[in-house]
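*Asks:* Encoded as structure tokens, here's the structure I'll be asking about.
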Amino acid sequence: MNEQNVTRQTFDEVMVPLFAPASFVPERGQGSRVWDTQGRDYVDFAGGIAVTALGHAHPELLKVLNEQGAKLWHIGNGYTNEPVLRLAKRLEALTFADRAFFANSGAEANEAAFKLARRVAFERYGADKYEIVSFAQSFHGRTFFTVSVGGQPKYSEGFGPVPAGIVHLPYNDIDAARQAIGPKTCAVVVEPIQGEGGVIPADPAFLRALREACDQHGALLIFDEVQTGVGRTGHFYAYQDTGVTPDILTSAKSLGNGFPIGAMLTTNELAAHFKVGVHGTTYGGNPLASAIALKVVELISDPQLLAGVRSRSALLQEELARLHQRFGIFREVRGKGLLIGVELTDAFKGRAKDFVTAAGKHGLIMLMAGPDVLRFAPSLIIPLDDLREGLARLAKAIDEVVGATAESPAR
Ligand SMILES: *Cc1c(COP(=O)(O)O)cnc(C)c1O
């Protein structure tokens with residue numbers, strides 16, 4: 001086999017078939033533009049699934065990558081390093097947290113959070129307080145523990161007995177939460193906006209009720225901000241605009257702008273329950289990932305950048321309202337900042353994928369959030385011209401799908 005000559009077809013021959021990638025193969029990116037192996041250009045509205053918050057090939061991140069890359073990539077957790085300490089200090093200055101643990105992904109950050117919550121409850125209250133309360137449609141990662149805590153059975157079924165002590169409740173249901181959270185609850189984990197579950201924002205009153213119930217029963221409140229964090233909602237972390245402060249916060253995705261890193265942030269009191277050797281990682285907190293994340297955090301925590309997220313969000317939502325006037329296929333536009341979901345009307349139920357595929361043909365990289373929702377998670381600094389151009393391409397894609405549907409009413 002010629003190893004040089006690979007195409008999209010090669011994927012079907014050599015990869016474990018867990019994904020169904022688009023027909024084109026991206027090759028390079030610059031800002032909010034991506035070019036495929038045929039030289040075609042795309043506007044990027046997906047940001048690598050809410051990850052490349054500063055776009056592709058950001059010059060300041062390239063500089064850090066090159067400088068730290070020439071110095072030290074990895075040293076192992078028998079030694080600390082300056083970039084990781086600076087990153088922890090910076091994140092703690094920006095949040096409620098006093099302590100940080102670094103991993104390589106969102107799932108690992110959540111795994112650490114759930115283990116910490118169980119350990120805290122065990123040490124404070126004994127062996128019977130282990131229940132983790134989570135919500136339907138939630139997503140917390142794909143390790144066995146995190147996928148079991150997540151509220152999407154299609155991801156967790158068929159892998160044998162799930163870990164015990166996980167309770168799933170309807171999202172945004174205050175009464176159900178008040179009833180279920182009790183003496184056995186060790187933690188409640190919630191996304192301030194459910195990302196994978198369809199871009200569904202939590203009601204502020206729901207989050208307040210969770211906080212109260214947790215305080216009443218000695219349970220920890222965990223905010224999974226893997227998708228909502230690091231500027232995505234126009235605030236550095238989404239919790240900062242809810243009036244509710246969690247005990248543990250997890251972060252990943254935008255934190256590394258594509259370089260793998262995850263973080264679990266918490267308080268002094270809780271962190272003290274993780275002693276040397278109780279949990280760990282080989283790569284977590286390595287100097288290369290930490291140096292890059294530090295620069296990402298420096299750039300995104302700038303109030304001007306965050307204001308830019310909010311103004312881009314307003315523009316995007318205005319333009320989506322116009323698209324709705326023209327095509328009438330949006331049931332609801334929701335979300336915050338540059339995490340926006342568009343639920344399709346019943347006539348297009350289950351067909352988000354068709355729009356994503358059509359978008360690709362018209363030079364637009366789109367994302368879905370379940371079968372009925374188009375998701376927008378572009379770079380937080382997407383140039384306004386790219387935003388408008390992407391929406392023009394989306395209009396063409398919608399026109400194509402709607403037109404094809406009108407021509408074949410039997411479908
Ligand atoms: C993506 C995501 C995760 C999982 O992150 P990975 O880096 O893929 O492990 C967890 N929680 C939420 C809310 C996410 O959006």
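The values are calculated or read from the model by the stated rules, or taken from the named source; none is laboratory data. As the structure is a prediction and not an experimental result, all values here were calculated from the model. With ideal geometry, Cβ positions are generated from the backbone for all residues, glycine too; neighbour counts draw on all protein chains shown.
Each row is one residue, and each column tells you yes or no for (1) of a type in the set (S, T, N, Q); (2) within 16 Å of the ligand (Cβ to nearest atom); (3) part of a helix (DSSP H, G or I); (4) over 22 Å from the mean Cα position of the chain (by Cα).
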site	(1), (2), (3), (4)
PHE206	no, no, yes, no
TYR239	no, yes, yes, no
PRO246	no, yes, no, no
THR250	yes, yes, no, no
LEU255	no, yes, yes, no
MET264	no, yes, no, no
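*Asks:* Do the conditions hold for ASN110, that is, is it more than 28 Å from GLY243 (Cα to Cα), surrounded by 15 or more Cβ atoms within 10 Å (Cβ to Cβ) and within 16 Å of the ligand (Cβ to nearest atom)?
*Replies:* Against the criterion (more than 28 Å from GLY243 (Cα to Cα), surrounded by 15 or more Cβ atoms within 10 Å (Cβ to Cβ) and within 16 Å of the ligand (Cβ to nearest atom)), ASN110 does not qualify.
*Asks:* Yes or no: LEU249 in contact with a Cys (Cβ under 6 Å, 6 or more places away or on another chain) and not aromatic (Phe, Trp, Tyr)?
*Replies:* No, not satisfied.
*Asks:* Still on this structure, I have one more. Scan (1) touching a Gly at 6+ places or on another chain (Cβ under 6 Å); (2) in a helix (DSSP H, G or I); (3) not polar (S, T, N, Q) for the single condition VAL297 breaks and write down its number.
*Replies:* Of the numbered conditions (1) touching a Gly at 6+ places or on another chain (Cβ under 6 Å); (2) in a helix (DSSP H, G or I); (3) not polar (S, T, N, Q), the odd one out for VAL297 is (1).
*Asks:* Within region 253-276, how many residues are surrounded by 19 or more Cβ atoms within 10 Å (Cβ to Cβ) and among the hydroxyl-bearing types (Ser, Thr, Tyr)?
*Replies:* Qualifying residue count for the region: 2.
*Asks:* Do we find that LEU87 is within 22 Å of SER379 (Cβ to Cβ) and modelled with pLDDT of 95 or more in this structure?
*Replies:* yes
*Asks:* Suppose we filter VAL64, VAL84 for residues that are in a helix (DSSP H, G or I), of a type in the set (Val, Ile, Thr), outside the structural domain of PHE274 (by TED's automatic domain parsing) and away from the ligand (no atom under 16 Å from the Cβ); which single one remains?
*Replies:* After applying the criteria, what remains is VAL64.
*Asks:* Identify all residues within region 362-411 that are crowded, with 18+ Cβ neighbours inside 10 Å, over 23 Å from the mean Cα position of the chain (by Cα) and assigned to a loop (DSSP other than H, G, I, E, B); write none if there are none.
*Replies:* Those that are crowded, with 18+ Cβ neighbours inside 10 Å, over 23 Å from the mean Cα position of the chain (by Cα) and assigned to a loop (DSSP other than H, G, I, E, B): HIS362, GLY363.
*Asks:* Turning to a different aspect of this structure: Looking only at region 47-97, how many residues end up being among the aromatic types (Phe, Trp, Tyr) and under 18 Å from VAL297 (Cβ atoms)?
*Replies:* Of the residues in that region, 1 qualify.
*Asks:* Give me a count of the residues in region 181-204 that are touching a strand residue (DSSP E or B) at 6+ places or on another chain (Cβ under 7 Å), part of a loop (DSSP other than H, G, I, E, B) and more than 16 Å from the ligand (Cβ to nearest atom).
*Replies:* 2
*Asks:* I'd like the full set of residues that are crowded, with 18+ Cβ neighbours inside 10 Å and under 19 Å from the mean Cα position of the chain (by Cα), limited to region 313-342.
*Replies:* Selection gives SER313, VAL333, GLY335, LYS336, GLY337, LEU338, LEU339, ILE340, GLY341, VAL342.
*Asks:* Now for a separate question. Spot the failing condition for ARG312; the list is (1) in contact (Cβ under 8 Å) with a residue 40 or more places away in the chain; (2) more than 17 Å from ALA377 (Cβ to Cβ), and only one is missed.
*Replies:* The failed condition is (2).
*Asks:* Collect the residues in region 1-39 that are β-branched (Val, Ile, Thr) and not in a loop (DSSP other than H, G, I, E, B), keeping them in residue-number order.
*Replies:* THR10, VAL14, VAL34
*Asks:* Considering only residues that are in a loop (DSSP other than H, G, I, E, B), touching a helix residue (DSSP H, G or I) at 6+ places or on another chain (Cβ under 6 Å) and within 14 Å of the ligand (Cβ to nearest atom), which ones fall in region 140-170?
*Replies:* HIS140, GLY141, ARG142, THR143, listed by residue number.
*Asks:* Could you count how many residues in region 47-59 are part of a helix (DSSP H, G or I) and either more than 26 Å from TYR237 (Cα to Cα) or in contact with a Lys or Arg (Cβ under 6 Å, 6 or more places away or on another chain) (or both)?
*Replies:* Total meeting the criteria: 1.
*Asks:* Here is a follow-up. Output the qualifying pairs, or none if there are none: Cβ atoms under 8 angstrom, residues six or more apart or on different chains, first residue in region 44-71 and over 30 Å from GLN194 (Cβ atoms), second residue among the β-branched types (Val, Ile, Thr) and assigned to a helix (DSSP H, G or I).
*Replies:* Every condition considered, the pairs that remain are VAL64/ILE292; LEU65/ILE292; GLN68/ILE292.
*Asks:* Going residue by residue through region 327-347, is there one that turns out to be in the same structural domain as TYR42 (by TED's automatic domain parsing), touching a helix residue (DSSP H, G or I) at 6+ places or on another chain (Cβ under 9 Å) and hydroxyl-bearing (Ser, Thr, Tyr)?
*Replies:* The answer is no, given that none of the residues of region 327-347 is in the same structural domain as TYR42 (by TED's automatic domain parsing), touching a helix residue (DSSP H, G or I) at 6+ places or on another chain (Cβ under 9 Å) and hydroxyl-bearing (Ser, Thr, Tyr).
*Asks:* Hey, among the residues in region 197-252 that are of a type in the set (Phe, Trp, Tyr) and within 28 Å of ASN104 (Cβ to Cβ), which one's surrounded by the fewest Cβ atoms within 10 Å (Cβ to Cβ)?
*Replies:* Only one residue tops the list, namely TYR239.
*Asks:* Another question about this same structure. Pairs, please: C-beta under 6 Å, at least 6 apart or cross-chain, first residue at positive phi and in region 162-173, second of a type outside the set (Phe, Trp, Tyr)?
*Replies:* Between residues of region 162-173 that are at positive phi and residues that are of a type outside the set (Phe, Trp, Tyr), the close pairs are GLY165/GLU131; ASN172/ASP203.
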